[in-house]
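Chemist: Handing you this structure, nothing more for now.
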Amino acid sequence: MSRSSRLFLCGFMASGKSTLGRMAAHTLGYDFVDTDHEIELSAGMPISGIFASEGETGFRNRESALVAELSGRQRIVVATGGGMVVSPRLRALLKELGPCVGLTATPAEYARRLGPNAAARRPMLQGADLTQRIAVLLAERAPAYSDLHYTVDTSFDSPEILAQRLAHIVLAEQERLPVQTPGGGSYDIILGRGLIDQLGHMLAGRGWARRAAIITDEKVGPLYAAAAQRALGQGGLDSFVATMPAGEAAKHLRTVEDLYRALAQGGVDRNTPVIALGGGVVGDTAGFVAATYLRGLPFVQVPTSLLAMADSSIGGKVGVDTSFGKNLVGAFKQPELVVADLATLASLPAVERQCGLAEIVKAGLIDGGDAWARSRAIGETSPVTAPLLDAMRLKRRIVEEDPFEKDKRAWLNLGHTFGHGLEAWSDFRIKHGQAVALGLVSRSSRFDRAWPVRCGPRR
Ligand SMILES: NC(=O)c1ccc[n+]([C@@H]2O[C@H](COP(=O)([O-])OP(=O)(O)OC[C@H]3O[C@@H](n4cnc5c(N)ncnc54)[C@H](O)[C@@H]3O)[C@@H](O)[C@H]2O)c1
């Protein structure tokens with residue numbers, strides 16, 4: 001069972017947590033849990049009574065105990081109490097347990113739902129104007145809500161449509177791997193099926209401008225760019241698409257300049273995220289554009305090739321080739337998010353799958369043990385999710401320990417010196433993954449000496 005067989009709905013009063021939570025639970029065949037209701041039941045008194053007798057501290061302690069209990073339950077949709085995710089500690093706990101969705105609405109819509117007498121019933125809403133008071137409270141809570149995994153605006157669509165969207169979120173997300181970055185930041189790698197359809201809900205609420213630039217190539221764009229734009233639209237983000245030629249030969253500075261021009265024409269500002277939708281060539285090139293245009297834009301990786309999912313989308317190394325060497329011009333640009341949608345692999349040509357497998361086998365070799373056994377067992381048509389996850393986890397471990405490739409990260413270049421030479425010698429007719437596979441074979445006489453790499457604990 002995937003980690004995401006729990007869904008947490010968070011948000012302000014009247015955001016629809018209970019109504020939509022019940023409907024989504026029904027759609028999924030999960031149980032519905034309302035934390036406030038459970039706490040009232042176990043305390044034998046209403047929340048106002050708990051606040052009166054135990055204070056807010058007592059109530060939050062009861063919430064903590066309930067979250068601990070929920071960690072032992074699966075197949076649940078949980079409507080969380082209004083203030084629960086405002087507590088950084090409880091928010092972090094919930095985010096470990098499953099996707100957390102912030103439900104939002106406009107202040108005017110909240111005021112409409114709460115009704116004209118809301119202030120009389122709820123002291124925190126007292127003030128001159130109900131809509132204004134709600135806007136102030138929402139602004140206070142914005143940092144907490146923008147720290148959730150997804151945001152769904154409930155202002156406009158019917159409850160039936162919204163409940164379906166929530167159910168799709170929990171079905172799409174299979175794994176989430178947080179990656180620590182230098183300077184104390186972090187980003188998530190999300191692996192699942194149907195994730196491109198959730199892009200808008202993933203990016204909405206992150207405080208970025210409402211416009212996104214999708215950089216893709218001429219093969220991947222026709223397949224997935226429209227779906228990505230549709231999804232961004234659902235999250236309230238306007239978007240435009242800049243398309244580069246496909247293949248390694250396009251990974252150079254002339255393409256970068258064309259992309260700068262497309263961003264300028266698209267009216268990009270410093271808050272416009274660049275979304276790399278494609279294989280490693282798109283990821284490396286778009287990442288370099290994101291690192292340098294306007295001295296840096298938010299960057300999101302949506303890898304669509306197996307190689308890009310297993311390797312190139314993780315760790316922030318971006319760049320382009322030159323006439324005198326591969327990957328010689330580049331930067332370290334950490335993504336805000338890596339969204340690996342397994343559904344895109346259905347259209348990946350067989351030879352590109354083999355290229356991705358080369359990087360997965362490389363990771364298995366470096367990691368050793370079960371990962372090596374799993375990567376060796378992959379056949380022509382066998383499922384790749386488990387060895388792909390092994391490769392992602394290994395890459396995460398190594399880039400967390402050595403983000404700037406001063407030491408262990410160089411191990412990921414296993415087979416690459418020979419491979420890069422082969423790629424260049426063949427004028428890139430030999431693909432990167434094929435060249436890596438040949439490079440690995442060229443190193444095989446030394447395999448028994450140095451593996452596995454000693455690096456941080458497995459997670
Ligand atoms: N930055 C890093 O850390 C890192 C690590 C490893 C490799 N790389 C780089 O990655 C690049 C290789 O990546 P790649 O193998 O993904 O190459 P690629 O981006 O050229 O993709 C291979 C081909 O598959 C097509 N494609 C991609 N996804 C598809 C899909 N879902 N359906 C149909 N077609 C699809 C692309 O259009 C392209 O023609 C190299 O440039 C290499 O240097 C970078």
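Chemist: Can you tell me the Rg and the Dmax, both Å, for the Cα atoms in the stretch 9-77?
Modeler: Every Cα atom of the stretch 9-77 included, Rg and Dmax give 13.0, 39 Å.
Chemist: With just the Cα atoms defining each centre, how far is the stretch 128-149 from the stretch 255-303? Give it in Å.
Modeler: Taking the Cα centre of the stretch 255-303 as reference, the centre of the stretch 128-149 is 32 Å away.
Chemist: What is the distance in Å between the Cα centres of the stretch 161-221 and the stretch 388-418?
Modeler: 24 Å
Chemist: Here is a further query. Please compute the volume of the convex hull spanned by the alpha-carbon atoms of the stretch 62-150 and report it per residue in Å³.
Modeler: Cα convex hull per residue, to the nearest whole number: 110 Å³.
Chemist: Can I ask one more? Mind listing P(r) for the stretch 6-173? All alpha-carbon pairs, 5 Å bins, whole percents.
Modeler: Going out from 0 Å in 5 Å bins, the stretch 6-173 shows 1, 9, 18, 20, 21, 17, 10, 3, 0 percent.
Chemist: While we're looking at this one, here's another question. Calculate, axis by axis, the spread of Cα positions in the stretch 115-155 along the three principal axes, and write the results as whole Å, longest axis first.
Modeler: That gives 34, 19, 15 Å along the principal axes, largest extent first.
Chemist: Any idea which of ILE314, THR216, SER382 is furthest toward the positive side of the dipole for the chain, if Lys and Arg beta-carbons carry +1 and Asp and Glu beta-carbons -1?
Modeler: ILE314
Chemist: Please work out the Cα convex hull volume for the stretch 278-336 and give it in Å³ per residue.
Modeler: 72 Å³
Chemist: Something else about it: Cα convex hull of the chain: how many Å³ per residue? Mind dumping the intermediate values first?
Modeler: Working: hull volume 69.8 nm³, N = 459.
Dividing the Cα hull volume of the chain by its residue count gives 152 Å³.
Chemist: So, one more: As a test, work out the antiparallel percent of DSSP beta bridges whose residues both lie in the chain, rounded to the nearest 5.
Modeler: So the antiparallel bridges amount to about 25 percent of the total.
Chemist: Would any residue of the stretch 221-264 have its amide N under 14 Å from a label point 7 Å out along Cα→Cβ of ARG429? List them or say none.
Modeler: none
Chemist: Let me ask another. Mean shadow of the stretch 349-450, computed from the convex hull of its alpha carbons, in nm²?
Modeler: So the mean shadow area of the Cα hull is 6.9 nm².
Chemist: Listed here are the pairs LYS362/LYS395; LYS251/LYS362; LYS317/LYS395; which of them are more than 19 Å apart at the Cα?
Modeler: Values: LYS362/LYS395 11 Å; LYS251/LYS362 23 Å; LYS317/LYS395 12 Å.
Result: LYS251/LYS362 exceed 19 Å.
Chemist: What are the residues whose amide H is under 5 Å from the amide H of VAL179, where those residues sit 5 or more places off or on another chain and H is modelled from the backbone?
Modeler: Residues meeting the criterion, in which the H sits 1.01 Å from N, are TYR187, ASP188, ILE189.
Chemist: Another question, then. Suppose every Lys and Arg Cβ carries +1 and every Asp and Glu Cβ carries -1, with no other charges. What dipole size does the chain come out with about its Cα centre, to the nearest 20 debye?
Modeler: Dipole size: approximately 540 debye.
Chemist: Given C-alpha coordinates of the stretch 190-344, what is the ratio Rg to Rh with the Kirkwood estimate of Rh?
Modeler: On the way: Rg = 13.8 Å, Rh = 14.9 Å.
Answer for the stretch 190-344: 0.93.
Chemist: Extending each Cα 7 Å along its Cβ direction at THR322 and ALA343, get the distance between those two points in nm, one decimal.
Modeler: Going from the THR322 label point to the ALA343 one covers 4.2 nm.
Chemist: For the stretch 181-346, what does the relative contact order come out to in percent, with C-alpha contacts under 8 Å and a separation of six or more? Write out the running numbers ahead of the final one.
Modeler: On the way: 350 pairs, mean separation 44.4, N = 166.
Computed value for the stretch 181-346: 27 percent relative contact order.
Chemist: Using the alpha carbon gyration tensor of the stretch 229-312, what are the three equivalent-ellipsoid semi-axes (square root of 5 times each eigenvalue), largest first, in whole Å?
Modeler: Working through the eigenvalues yields semi-axes of 19, 17, 11 Å.
Chemist: Counting only C-alpha contacts under 8 Å and six or more residues apart, can you give the relative contact order of the chain as a whole percent?
Modeler: Computed value for the chain: 11 percent relative contact order.
Chemist: On to the next question. Mind listing which trypsin sites (Lys or Arg not before Pro) in the stretch 25-88 are in a DSSP loop and have 15 or fewer other Cβ atoms within 10 Å?
Modeler: Those satisfying the criteria are ARG73, ARG75.
Chemist: Relative to the present Cα-Cα distance, how much length would full extension add between LEU294 and LYS406 at 0.36 nm per residue of separation? Numbers along the way, then the final one.
Modeler: Numbers: separation 112, 0.36 × 112 = 40.32 nm, distance 2.78 nm.
Net length gain for the segment: 37.5 nm.
Chemist: Starting from the Cα-Cα distance between ASN117 and HIS252, subtract it from 0.36 nm times their residue separation and give me the gain in nm to one decimal.
Modeler: Fully extending the segment from ASN117 to HIS252 adds 42.3 nm.
Computed from the coordinates by the stated procedures, all read-outs in this text should not be read as laboratory data. Remember, predicted model here, so these are calculated numbers, not experimental data. Neighbour counts run over all protein chains shown; Cβ positions are idealised from the backbone, glycine included.
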